[in-house]
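What follows is one structure encoded as structure tokens, with my remarks underneath.
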Ligand SMILES: CC(C)(COP(=O)(O)OP(=O)(O)OC[C@H]1O[C@@H](n2cnc3c(N)ncnc32)[C@H](O)[C@@H]1OP(=O)(O)O)[C@@H](O)C(=O)NCCC(=O)NCCS
């Protein structure tokens, strides 16, 4: 069993080829998630996902991990720090948890583990994200993690013919450290 970062409820490990065959392809083709994430704009095939996985190997600008429930060893979601910029020391954070595994504290714990990795191991200064203005569960999670709203990208996202706003949020390493004290 591969573990990259270990927690209480979940551990994070690299996404493996076998993960793509199972729930992952369902999650990212799921149009109801797409209202919130933008994953399902184009259909995703197994072959395409395998190419994507290969392209991530050795990529130093992205830490892309599977979230695995510790009790069951079931792959319940994915999380990443991408667009890592080692000059300005910032990165974008993204998360997706399977509907069946939501509201058990796994998203929060997985995020804390990756944020700690970002600040303490990758030496990042700032982690940022973009979230659909109406995605209240995600915004509540991000606020609980200490992210602060930074601005609104007006009419940045289109779904069903309607434009909507994206809120940008950010977390600085010093604010994160203070919160943990
Ligand atoms: C957002 C998401 C990652 C949360 O994951 P999760 O594992 O269900 O979250 P947790 O159980 O760890 O909850 C942590 C906090 O998030 C907030 N939260 C999570 N789900 C919520 C919901 N349905 N309604 C309100 N708040 C919610 C709460 O503040 C919660 O803290 P609390 O339990 O003390 O109230 C998950 O709902 C998801 O993957 N959604 C679809 C994809 C998505 O929207 N990704 C973000 C795109 S920007």
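FYI, it's all coordinate maths here, none of it is from the lab. All figures in this text were calculated on a predicted structure; none of them were measured in a lab. Reconstructed Cβ throughout: ideal geometry from the backbone, glycine too, with neighbour counts over all protein chains shown.
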- request: Residues in segment 125-160, backbone N under 19 Å from the label point at residue 60 (7 Å along the Cα-to-beta-carbon vector): list them, ranges by number please.
  value: 125-126
field: Shape parameters for the chain, alpha-carbon atoms, Rg then Dmax in Å
entry: 16.0, 46
- prompt: How long is the gain from residue 140 to residue 21 if the chain were fully straight, where each residue apart is worth 0.36 nm and the alpha carbon distance is subtracted?
  reply: 39.7 nm
- prompt: How are the C-alpha pair distances of segment 130-173 spread across 10 Å bins, as whole percents from the shortest bin up?
  reply: 30, 50, 18, 2
field: Euclidean distance of C-alpha centroids, segment 122-181 and segment 14-31, integer Å
entry: 25
- prompt: GNM on the chain, C-alpha springs below 10 Å: top fluctuator among 110, 57, 91?
  reply: 57
Chain lengthening between residue 108 and residue 70 when straightened (0.36 nm per residue, less Cα-Cα): 12.2 nm
Highest-MSF residue in the chain out of 107, 58, 146 [GNM, Cα springs under 10 Å]: 58
- prompt: Given 0.36 nm per residue, what is the gain on full extension from residue 29 to residue 92 after removing their alpha carbon distance, in nm?
  reply: 20.5 nm
